[in-house]
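Step one of this worksheet: look at the structure below.
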Amino acid sequence: MVSVLVSLSGVPRELAEGVAQRLGLRMVTTSRKVFPDGEQYLRLDPNAVRGSERVLILQSMFPEQDSKWVELLLAIEAACNYASKVALVITYLAYARQDRRFLDGEAVSLHALIRSLGGWCVDKLIVIDAHKPEAVLEAAKEAGIEFVNVLPFSYMVRKAGMESGIDFVLSPDRGALHRARELARSIGVGYDYLEKYRDRITGEIRVEEKVLDVRGRRVAIVDDIVSTGGTLAKAVELLKRLGAVRVIAVASHALLVGSAIEKLRGAGLDLLITGNTFIRRQTVFERMKVIDLSDLVANVIASAIKG
Ligand code: R5P
């Protein structure tokens, strides 16, 4: 049985408290400091974790991905000193988009990250909408960790009260098709995908023109991440050109870096529905609805960890 939930610095308070409350877990915070040379220090209250058969650690890895990763490793090391099993819930898994060597000689950051979680007492890894779940699954398997991917699209759409406001679902690239399928099937509409190409050196995005039957329809674009907004903006522009009357986006992790918001406004995006998968600072986007995912996460934990 899980008895203790350790919430690390990347997790929104309402998410951690919601999960703890729904699962009846004691929430333990950590003492952290940064030494003058920049190194992190972490301490768990030993009385809170001693004797727990399983500890649940929650972390989100945005912003400041590197320090969130180190904090996670320190928490795992400390927890494994007291508990026999640790389950991780990572609400935003950073370093996941580099999941293979696109160019010869590149480092595969996903492998570096997942392998660093192995060799302790971590036996389960639950991630909200990992970029490429099959790549995480394979890496986690090699590290001896069971992996569970959580698709939050139909949940977010329902919570936003939009189930009857979508006629068609589109993924901006082939890799996100499983996301479109999850949402489309749950609300009973059709779905399709676009072909997207990214220049591996310049990062420039090109979305291939495609004939889609969207004239007069309300379309939802689904994706895992909105970072610079380039991918989403291109897809919105295409849909509007093809006559869609309303284009919304449902994205698990709206990082919205740089001029993303201006791009999305300029493209004519009507609404962005996203999850509270990290602590959002300063972003003001009047067309964004942030959905609390604590119920969904608590249910997934309950079924992934049964005893
Ligand atoms: C890439 O394949 C991802 O699924 C997202 O489409 C991508 O990360 C979005 O990035 P950006 O907003 O910078 O275009």
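The values are calculated or read from the model by the stated rules, or taken from the named source; none is laboratory data. Quantities reported herein were computed from a predicted structural model and do not represent experimental measurements. When we count neighbours, we look across all protein chains shown, and the Cβ atoms used for this are built from the backbone with ideal geometry, even at glycine. Side chains included, ligands, DNA and RNA excluded: accessible areas come from the protein's heavy atoms. Shrake-Rupley method; radii C 1.70, N 1.55, O 1.52, S 1.80 Å.
Points worth noting:
- Residue within the range 259-276 that is farther than 28 Å from Val211 by Cα and more than 14 Å from the ligand (Cβ to nearest atom) present: yes
- Within the range 202-217, being within 12 Å of the ligand (Cβ to nearest atom) and on the phi < 0 side of the Ramachandran plot holds for Glu204, Ile205, Arg206, Val207.
- Pairs, first in the same structural domain as Leu238 (by TED's automatic domain parsing) and open to solvent by 20 Å² or more (accessible area, probe 1.4 Å) in the range 255-268, second within 12 Å of the ligand (Cβ to nearest atom) and in a loop (DSSP other than H, G, I, E, B), C-beta under 6 Å, six or more apart: Val257/Ser227; Val257/Thr228; Gly258/Thr228; Lys263/Gly229
- Filter result for Ala235 (surrounded by 11 or more Cβ atoms within 10 Å (Cβ to Cβ), away from the ligand (no atom under 12 Å from the Cβ), touching a residue at least 40 places away in the same chain (Cβ under 8 Å) and under 23 Å from Thr277 (Cβ atoms)): no
- Failed criterion for Leu5 (all others in (1) modelled with pLDDT of 95 or more; (2) open to solvent by 20 Å² or more (accessible area, probe 1.4 Å) hold): (2)
- Complete set of residues in the range 218-232 that are open to solvent by less than 20 Å² (accessible area, probe 1.4 Å) and more than 8 Å from the ligand (Cβ to nearest atom): Val219, Ala220, Ile221, Val222
- Residue check for Val11: at pLDDT 95 or above, closer than 19 Å to Ser252 by Cβ, of a type in the set (Val, Ile, Thr) and not assigned by TED's automatic domain parsing to the domain that holds His253: yes
- Unique residue being of a type in the set (A, V, I, L, M, F, W, C), under 27 Å from Arg101 (Cβ atoms) and touching a Gly at 6+ places or on another chain (Cβ under 7 Å) when the list is Ile205, Ile201: Ile205
Rundown of residues vs (1) free of Cβ contacts under 8 Å to residues at least 60 places away in the same chain; (2) open to solvent by less than 70 Å² (accessible area, probe 1.4 Å); (3) away from the ligand (no atom under 15 Å from the Cβ); (4) of a type in the set (Asp, Glu), yes/no style:
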position: Ile166; (1), (2), (3), (4): no, yes, yes, no
position: Gly175; (1), (2), (3), (4): yes, yes, no, no
position: Lys196; (1), (2), (3), (4): yes, yes, no, no
position: Arg200; (1), (2), (3), (4): no, no, no, no
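- Scanning the range 297-307 for residues that are open to solvent by less than 20 Å² (accessible area, probe 1.4 Å) and in a loop (DSSP other than H, G, I, E, B) yields one hit, Ile305.
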